[in-house]
Ligand code: NCD
């Protein structure tokens, strides 16, 4: 069975299939209406969301399917202390596919270990957000006509921004990508993405501290919100919250053909004066999210019983009773998930569920 927990769960050809199905849905919406009638999607949202949850709901409704679930875990049995694994076992009796968002990192991966239906990770803490990534890829493809060969600048909160982590992982499947990281010291991209993704797959990246010095090089500018809810120290948040702001003056430095993406919600990082610029693609990006989620639901249900489309099996977890994941927000420090690890090519041990460095 195929789940989507991390962007690398999809092969390049599976990503291509989803993107081209989404484009076909856009071109021939009537052909797909009703194709999921009698199918049910459960949306289990343990963390606030507007866009992602409504996008899944709207996608399933467009396909003629039904949606059930919760948007506030306090209204579910979770408030009685039910584990994530028990919840998905139960929900798998009612729904054909589950989309889950959780503040605990690795929760969805842990849930797949017992699930009888495909699980889609709709965001786990600051770790991963693969359906936003599919949205971003479809948007880049539609805005620029290609993904290979782009220079993309990620700007803002690269430390906690899970959409950034996931998109860089997915871009490692494409050719000739160049990454420019625009962030203050406090919000730099985690080492595991730099080392295990960029360096291992040969994506050149460079770190800069101002937007002005790179605007003219970019094909895509990926803006992000500073993730207030993930800071443990409020003063630190106050220091960095308005680090980078995109305005018309900065847009004037950019190429004529360029796309500004933002997963939204925005706070102060893009002034509304930019919205009228034809390069501002972030509201079109929202709509692409619905089409790509339609395509994903169709494909996961099509692939469910197809042995050709399983989960990647090239890694076996390392178990060592002496070692613990250091991340307090990881599933293995919050539920009875085992402390398991994977050894990367450079010999570092990382948590199986959240990628934190263990040794
Ligand atoms: C993002 C998220 O939830 O990670 N939003 C989204 O899914 N569209 C980005 C954010 O919250 O800043």
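Here, each number is a calculation from the coordinates, and none is a lab measurement. As the structure is a computational prediction, the values presented were derived from the model and not from experiment. All Cβ positions, even for glycine, are placed from backbone atoms using ideal geometry, and neighbour counts span all protein chains on display.
What is the ratio of the Cα radius of gyration of the range 1-147 to 2.2 N^0.38 Å, where N is its residue count, to two decimals? Walk me through the intermediate numbers first.
Numbers: Rg = 15.4 Å, N = 147, 2.2 N^0.38 = 14.7 Å.
With N residues counted in the range 1-147, Rg over 2.2 N^0.38 Å equals 1.05.
Across the range 162-253, the convex hull enclosing all Cα atoms gives 102 Å³ per residue.
If you rank 241, 329 by fewest surrounding Cβ atoms within 10 Å, what's the result?
Values: 241 15, 329 19.
Going from sparsest to densest Cβ surroundings: 241, 329.
Sorting the segments 163-169, 60-66 by their residues' average number of neighbouring beta-carbon atoms within 10 angstrom, most packed first, yields 163-169, 60-66.
From Cα pairs below 8 angstrom and at least 6 apart in sequence, can you work out the relative contact order of the range 92-190, rounded to a whole percent? Spell out each step's value before the answer.
Working: 155 pairs, mean separation 23.1, N = 99.
Contact order relative to length: 23 percent.
Its residue count N fixes a reference of 2.2 N^0.38 Å for the chain, and the Cα radius of gyration divided by that reference is 0.96.
Structural size metrics of the range 130-286, computed from C-alpha coordinates, are Rg and Dmax of 14.4, 42 Å.
Counting neighbouring Cβ atoms within 10 Å and putting the fewest first, the residues 283, 291 line up as 283, 291. Residue exposure proxy: 332, 93, 155, ordered by other Cβ atoms within 10 angstrom of their Cβ from fewest to most, comes out as 93, 332, 155. For the chain, with a Gaussian network of springs between Cα atoms less than 10 Å apart, report the residue from 184, 118, 307 with the top mean-square fluctuation. Per the Cα network of the chain with a 10 Å cutoff, 307 tops the list.
Over all Cα atoms in the range 277-320, the spread is summed up by Rg and Dmax: 17.5, 54 Å. Computed across the range 289-359, the Kirkwood hydrodynamic radius from all distinct Cα-Cα pairs reaches 14.5 Å.
Using the rule -39500 (n - 2.57) for each DSSP H run of four or more residues, divided by the residues of the chain, the 222 nm mean residue ellipticity is -8500 deg cm²/dmol. Measuring nothing but alpha carbons in the range 97-138 and taking Rh as the Kirkwood radius, the Rg to Rh ratio lands at 0.99. Average 1/r across all pairs of distinct alpha carbons in the range 5-89, invert it, and you get the Kirkwood radius: 15.0 Å.
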